[in-house]
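The values are calculated or read from the model by the stated rules, or taken from the named source; none is laboratory data. Here the structure is a predicted model, which means the values were calculated and not measured. Using ideal geometry, Cβ is built from the backbone for each residue, glycine included, and neighbour counts are taken over all protein chains shown.
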Amino acid sequence: MKILLKSLKIFSYLVLLFIIGYSIFNFQLVNYGIAQLKGQVKILYYAAPIETKLNDPHFPDSLKAKLRIIHEIKKFAHDSLGLIVSENYTKVYDQKGKPVLWVITACSPFSMQDYEWNFPFLGNVSYKGFFEKERGQPELKKIEDLGYDVEYRPTAAWSTLGWFEDPILSNMLKRSEGQLAELIIHELTHTTLYLPGSVDYNENFATYVGEQGAIQFLKHKYGTNGLPYTNYIQFQSDEKMYGDYMIQAVHSLDSLYLHFPAHVHRVEKLHLKYKKIAEIMAGINQLPLYHPHRYRFDFTQNKLPNNTFFMSFYRYRNQQDEFNLTPILTAHDLYQFVIDQKKNATH
C-alpha cells in the first residue's frame, strides 16, 4: 500500500511538472485557450432555455415559430440523418444584434495556400476565433506583418464538437427556414464526425450534409410544392453556381501566381493580382442567378477582396463533387451516406 501511495505521489508530481512546463513553453496557447473557455462559458451562462422564450409574451411570435422549427430540425437530423444531437440548441443566447465570435483567416499573397494554426486535439486549422474582437487584433497584425493576406470577420455559428451544449444564437433566427435548417444540420454534422487536421474534408462534408439535409427536411415538412422548399431550392441553385464560380476563381488565381516570371517585382505582381480579382468580381454580375442582387459586387461601395475571400469557398466547397458521385434522393439514402462516412473515418 505504501509503495502504491508513493507511486501515485510521484505520478502526481510528474503530471504537475508537465502541466507547469507545458504552460511555460506554451503560454500564448494556454492563455488563448483560457480566453476561449471564458467566452464560451459566458455564452452558456447567459443562454436561456427555449421554454423561457416561448413563454415570454414580449418575444415575437415569428421568432417563437423559428424556435419550434429548430426542435423539428433536430429531431429530423437525429431520426432521419443519423446525426448526434444531444442537448445542443436547447437554449437561446441573445446577441443583442452584435457578433459574438470573430474569425481570422490568412492566405499567402501570391499562392492559394492557407496559413494554418496548430491546436491540441484539432491539429492544423486554417482559422482562429476570438470571442472578443480586440483580442484578435495582435494576432491579426502578426500575420499581416508576415506578409499574408488576412481577413477578420464575424461568424454566424460554430460547433464545440460536443465539449459544450451549443446554444441557438439569436441572429440565427433571422434566417429563412431552409437556411436555418442547413446551418443547424451543418453544425450537428461537425458534432457527429470531425477529423483532426482535416479542415477541408470536415467543412465540405458538413456543407454537403447541411444542404442535402435541409432539402430533405423541407421536403418532409412542406412537400416539393411548398414555398419554403421552392425558395430554398432556388437559393441552393444560386449558392452552387456562385460557389462553383469562386472555385474556378481560385484555380485562375493560382495559375496566375504559378506563372509569374521570377524577375517580376512585387508591385507588378500586386497590380496583376488585383487586375485579375477585379475581372473575377465583375464576372459575378453576369451569372444567371435567381436572385442576383444577393451576390452582386458593387465596385463603388466595396474594396476588392484578397486571396482569403476566395479560399473560404475552397475550404467549404472544393470537395463537393466527391460527395455528389451518387445522387441523394431520400432521407434514408442520406442517413446511409452519413453512416458510411463515419465508418470510413474510423478505418
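Assorted remarks:
- Residues that are of a type outside the set (A, V, I, L, M, F, W, C) and in contact with a helix residue (DSSP H, G or I) (Cβ under 6 Å, 6 or more places away or on another chain), drawn from region 136-158: 149, 151, 152
- Scanning region 145-203 for residues that are in contact with a Pro (Cβ under 6 Å, 6 or more places away or on another chain) and assigned to a strand (DSSP E or B) yields 149, 154.
- Residue in region 132-144 that is in contact with a Lys or Arg (Cβ under 6 Å, 6 or more places away or on another chain) and either crowded, with 19+ Cβ neighbours inside 10 Å or modelled with pLDDT of 95 or more (or both) present: no
- Region 192-223: number of residues that are among the hydrophobic types (A, V, I, L, M, F, W, C) and closer than 17 Å to residue 318 by Cβ: 5
- Within region 25-45, considering residues that are of a type in the set (Val, Ile, Thr) and out of contact with any helix residue (DSSP H, G or I) (no Cβ under 9 Å at 6 or more places or on another chain), the one modelled with the highest pLDDT: 43
- One residue stands out among those in region 108-126 that are free of Cβ contacts under 8 Å to residues at least 60 places away in the same chain and aromatic (Phe, Trp, Tyr): the one that is farthest from residue 148 (Cα to Cα), which is 117.
- Scanning region 194-207 for residues that are farther than 20 Å from residue 243 by Cα and either crowded, with 23+ Cβ neighbours inside 10 Å or under 12 Å from the mean Cα position of the chain (by Cα) (or both) yields nothing.
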